[in-house]
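One structure is given below, encoded as structure tokens.
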Amino acid sequence: MNIIICGAGKVGFSISKQLSSQGHSVTVIDQSSEDIKKINETQEVKGIVGKATLPSVLENAGAEAADMIIAVTRNDETNMIVCQLSSSLFNISKKIARIRSKEFLEGKWSKLFNKSNIPIDVIISPEIEVAKSLFRRLEAPGALDNVPFGNNKIKMLEISVEKNCPIINIPLKQLTNKFPDFKANILGAVRKDKFIFLKKEDKLLEGDNVYVVVSSIQLNQILKTFGHEEKTSTKILIIGGGNIGLNLAKMLETNFEGARIKIIEKNKQRAEEIVNELSSSIVINGDALDEEILKEANLDDSETVLALTNDDENNIMACVLAEKNKSKIQKRTIAIVNKSNYSLLQKSLNIDDLVDPRMTTVSRIMEHVHKGSIGTVYSLLDGEYEFIEAKILAKSELLNKKIKESNLPEHIRIGAIVRKEEVLIPKSDFIFEKDDLVVFLAKREHIKEVESIFAISSI
């Protein structure tokens, strides 16, 4: 495909990297010569310095032959205009835009986005997507991540293997014998900062972060098997009342019955605004790094602390303070960080989870790069690996074949299948049938093979 990306920031950079590595022809437009220089020097893409809202710049980027345009600049209005021009002047078939403003996302104004008005096919709201991601983490205490597939029938869990893990040092092929209720597929792990695909003979080791595919109804059972029996938090402290914090609080109020939610927001005007949008959450105006404010928020009594401001350093410091004030209650700490190098500090600072909002946005955008049978896509490790769901079509080469006879590449692993509402954890003699919804893990450079195997066509 010929794809134009408008915006060479962190999201645009990551998307272009993924798409170019998958064999797509990618052009990136940005006004920052520095950002374009970085892209040109590190990626096999065409970088153009210019305003994406100028028809001549879009034309120079190859808009007349483009199959898709992805507008992820920092400005909502710019992204809208880009999509409008792409449709009106260049007839680009698929237009994806990042929109942050709440006014355009809710209520009557959201109806603006259609073929007759502003022709955007897919709207991505980073703040809402990150809030959803955080909510899923709170839904599955004990898991570092919790991603739904197959219309929420399947979950992909990222789980930390700790010293007390009951299945540690046991070959994977023996797990079902020793634990008959273990109905899940362990596909891979990050071990000593390197991702590895796990084989039947492999064992889990302390310190591994493993990726497990499981039926949603078995989620709690699998977490228990890994030694995680943490209870769902009901006392939650959110630091930062921006759009992420506000959206998360709303989700918790709706879905976590009896939850006691407190939000610390530094800006007085913003604190007053969000009070009116929440029904039961308590909003405190003040600095979360101020000891008196933390006392007012009753930090000692909080079970989960989420630092969600726009300042990475403040988020990390807030989690460190929470860790030092654990008192008698075991706390879970989660911080949003935009700088990837901060992940190196996670273990030394004893922060439970660092969330990169960029990759959440990238995953949502990647879902829409292909048509046909691909559904949910979830990117791991800066897009180097992807969890994907795809349907077995009549022309798929997997149809009526056993897994062991399907000649799947080594770097593509089948996790689970949804067949007529039933979730199946397949073994090597499993036979694929038409309309099976398959959840699998693939390395980035094998996405073209995935397209071929599942008979997926690009736009």
**Asked** Going through region 425-450 one residue at a time, which ones are loosely packed, with under 15 Cβ neighbours inside 10 Å and under 21 Å from Lys200 (Cα atoms)?
**Response** Lys427, Ser428, Asp429, Ile431
**Message:** Consider region 262-291. How many of its residues are closer than 19 Å to Met251 by Cβ, aliphatic (A, V, I, L, M) and in a loop (DSSP other than H, G, I, E, B)?
**Reply:** 1
**Message:** I'd like the residue in region 198-216 that is touching a residue at least 40 places away in the same chain (Cβ under 8 Å) and hydrophobic (A, V, I, L, M, F, W, C) and, out of all such residues, is farthest from Met156 (Cα to Cα).
**Reply:** Leu205
**Request:** Go through (1) more than 12 Å from the chain's Cα centre (by Cα); (2) in contact (Cβ under 8 Å) with a residue 60 or more places away in the chain one by one and return the number of the condition Gly107 breaks.
**Result:** (2)
**Listing of strands (runs of 3 or more DSSP E) fully contained in region 409-459 that carry 2 or more residues being within 14 Å of Ile388 (Cβ to Cβ) and touching a strand residue (DSSP E or B) at 6+ places or on another chain (Cβ under 6 Å)** = 412-419, 437-443
**Asked** Within region 320-333, can one find any residue that is under 15 Å from Leu349 (Cα atoms), within 29 Å of the chain's Cα centre (by Cα) and at pLDDT 90 or above?
**Response** yes
**Request:** Search region 228-275 for residues being of a type in the set (Ser, Thr, Tyr) and touching a residue at least 24 places away in the same chain (Cβ under 8 Å), and hand back the single one that is surrounded by the most Cβ atoms within 10 Å (Cβ to Cβ).
**Result:** Ser233
**Request:** Tell me, please, whether a residue that is under 26 Å from Glu129 (Cα atoms) and in contact with a helix residue (DSSP H, G or I) (Cβ under 8 Å, 6 or more places away or on another chain) can be found in region 33-43.
**Result:** yes
**Request:** Quickly run through region 106-128 and pick out the residues that are surrounded by 18 or more Cβ atoms within 10 Å (Cβ to Cβ) and part of a helix (DSSP H, G or I).
**Result:** Pro126, Glu127, Ile128
**Request:** Please go through region 181-205 and pick out each residue that is in a strand (DSSP E or B), closer than 16 Å to Phe440 by Cβ and in contact with a helix residue (DSSP H, G or I) (Cβ under 8 Å, 6 or more places away or on another chain).
**Result:** Ala184, Ile186
**Request:** Kindly indicate whether Thr78 is outside the structural domain of Val355 (by TED's automatic domain parsing) and over 20 Å from Ser20 (Cβ atoms).
**Result:** yes
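The values are calculated or read from the model by the stated rules, or taken from the named source; none is laboratory data. Computed from a predicted model, the values in this text were never measured in an experiment. Neighbour counts are summed over all protein chains in view; Cβ atoms, including those assigned to glycine, are modelled from backbone coordinates with ideal geometry.
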